[in-house]
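> Here you go, one structure.
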Amino acid sequence: MAKIIVVTSGKGGVGKTTSAAAISTGLALRGKKTVVIDFDVGLRNLDLIMGCERRVVYDLVNVIQGEAGLNQALIRDKRVENLFILPASQTRDKDALTQEGVAEVLDKLKEDFDYIMCDSPAGIERGAQLAMYFADEAIVVTNPEVSSVRDSDRILGLLASKTRRAEESSDPIKEHLLVTRYNPERVTSGDMLTLDDIREILAINLLGLIPESEAVLRASNQGVPVTHDISSDAGQAYSDTVSRLLGEDMPLRFHEMQRKGLLSRMFGGGRR
Amino acid sequence: MKLLEFLKRERKKSASVAKERLQIIVAHQRSQRGQPDYMPMLERELLEVIRRYVHVDDDAIQISLDSEDNCSVLELNVTLPKS
């Protein structure tokens, strides 16, 4: 049975699309048949992050409106077997999405896939609510910063009230916290919320911690999800995150300041 | 002596200020969770009505909705200024 997972945050620019791309890639690399759907109608970007922007022909709205079949719109990832991308429309507005249409697309995808990742747009409007409505699990992406934490709390409120599981009073959505752009140096100097602070305030299960990393921009520049950069801290942190999502017990990494050795202090060893 | 005190005095780290502010705002947000959508409007209008008769501050009114088995109780607390 396919699992539907929404990647959401409320606030924009915290790393939803980066995380959706990285986690989907990680799941597919472990042999799980995965599709990642861009729900940001009008402002699609998942295609760029996944590096398939020039292969987009049809999109989610075309499928919902019956202008294309699902198989015509699904883009097969070039690098990983078992990974597919369903892009958002660039020209339509968000009203083109309907709850019935989304339900139909998800039902069809469920027959074929192990994991369906829904990359939510920022905000709490229609697009974001539709991305979360049918979810079984939610990954709440949060930066160690006041507005992001507050918005994440708002999103947790919506997950508990405006979703199918909430309306049908079935088992509630499983909520996971993913902290991104974490900078242990700034945490140590007292100028950034600690991981424990965020966990205490939001009080949900921690799925992963992604350090602020140069590898993330490098990955998006190239259109290669950062999970492929296995030598980077962010790539490894996303890989750990995927393991935890699959139920493995992984110790936390990258949350403490690295002690710099004498050589790197003298020569200013670059961070990967 | 003054200089020593100045040096000893620790500036409050910005992250702990952030945490305190978040704890307050999040607690407030959660208290409004699950309320019907009309509650903020109801609160505002009740405040307007009260103000026609007596001047009260914005935070002088507290409103909450508690659900018991098959009925809901709307509790309204207004702090009036000393006359």
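> Which members of the range A:153-162 meet the condition of being surrounded by fewer than 20 Cβ atoms within 10 Å (Cβ to Cβ) and either of a type outside the set (A, V, I, L, M, F, W, C) or in contact with a Leu (Cβ under 6 Å, 6 or more places away or on another chain) (or both)?
Listed by number, the residues that qualify are A:R154, A:G157, A:S161, A:K162.
> For the range A:121-131, state whether one or more residues are over 25 Å from A:L29 (Cβ atoms), surrounded by 23 or more Cβ atoms within 10 Å (Cβ to Cβ) and at pLDDT 95 or above.
Yes - at least one qualifying residue is present in the range A:121-131.
> What are the residue pairs meeting all of these: first residue in the range B:26-38, first residue within 15 Å of B:L74 (Cβ to Cβ) and more than 8 Å from chain A (Cβ to nearest Cβ), second residue surrounded by 10 or more Cβ atoms within 10 Å (Cβ to Cβ) and of a type in the set (A, V, I, L, M, F, W, C), Cβ atoms under 8 Å, and 6 or more apart or on different chains?
B:Q32/B:M39; B:Q35/B:L65; B:P36/B:L65
> Name the residue that is nearest to A:S147 (Cα to Cα), counting only residues in the range B:21-48 that are in a helix (DSSP H, G or I) and touching a helix residue (DSSP H, G or I) at 6+ places or on another chain (Cβ under 8 Å).
B:L22
> What residue, among those in the range A:220-243 that are part of a loop (DSSP other than H, G, I, E, B) and surrounded by fewer than 24 Cβ atoms within 10 Å (Cβ to Cβ), is farthest from the chain's Cα centre (by Cα)?
A:S231
> Is it the case that A:V149 is farther than 22 Å from A:A28 by Cβ and crowded, with 23+ Cβ neighbours inside 10 Å?
Yes.
> Identify all residues within the range A:67-81 that are crowded, with 18+ Cβ neighbours inside 10 Å and more than 24 Å from A:D107 (Cβ to Cβ); write none if there are none.
Hit for the range A:67-81 is A:V80, nothing else.
> I need a count of the residues in the range B:3-20 that are over 30 Å from B:L65 (Cβ atoms) and either in a helix (DSSP H, G or I) or modelled with pLDDT of 80 or more (or both). Give the steps one after another, and end with the answer.
Residues of the range B:3-20 over 30 Å from B:L65 (Cβ atoms): B:3-18.
Going one step further and asking which of them are either in a helix (DSSP H, G or I) or modelled with pLDDT of 80 or more (or both), we end up with B:3-8, B:13-18.
Residues meeting the conditions: 12.
> For residues in the range A:189-206 being within 11 Å of chain B (Cβ to nearest Cβ) and of a type in the set (V, I, T), which is nearest to A:L178 (Cα to Cα)?
A:I198
> Another question, if that's okay. Under 8 Å between Cβ atoms, at least 6 apart or on separate chains: pull out the pairs that start in the range A:242-255 with a residue that is free of Cβ contacts under 8 Å to residues at least 24 places away in the same chain and end on any residue that is of a type in the set (S, T, Y).
A:M250/A:S243
> Could you please find all residues in the range A:138-174 being among the acidic types (D, E), in contact with a helix residue (DSSP H, G or I) (Cβ under 8 Å, 6 or more places away or on another chain) and away from chain B (no Cβ under 14 Å)?
Correct list: A:D171 only.
> Let me ask something else about it. Starting from residues that are in contact with an Asp or Glu (Cβ under 6 Å, 6 or more places away or on another chain) and not small (G, A, S), keep the ones in the range A:41-66 and report whichever is surrounded by the fewest Cβ atoms within 10 Å (Cβ to Cβ). Explain how you work it out, then say what you get.
The first filter runs over the range A:41-66 and keeps only residues in contact with an Asp or Glu (Cβ under 6 Å, 6 or more places away or on another chain), leaving A:42, A:44, A:46-47, A:53, A:56.
Right, trim to not small (G, A, S) and you get A:44, A:46-47, A:53, A:56.
Details: A:R44: 22, A:L46: 25, A:D47: 23, A:E53: 16, A:V56: 19.
So, considering only residues that are in contact with an Asp or Glu (Cβ under 6 Å, 6 or more places away or on another chain) and not small (G, A, S), the one surrounded by the fewest Cβ atoms within 10 Å (Cβ to Cβ) is A:E53.
> So is A:L209 surrounded by 15 or more Cβ atoms within 10 Å (Cβ to Cβ), touching a Ser or Thr at 6+ places or on another chain (Cβ under 7 Å) and more than 17 Å from B:A18 (Cα to Cα) or not?
No; evaluated as a whole, the condition is false for this residue.
The values are calculated or read from the model by the stated rules, or taken from the named source; none is laboratory data. Note that the coordinates shown come from a computational prediction; the quantities given were computed from them, not determined experimentally. Neighbour counts are summed over all protein chains in view; Cβ atoms, including those assigned to glycine, are modelled from backbone coordinates with ideal geometry.
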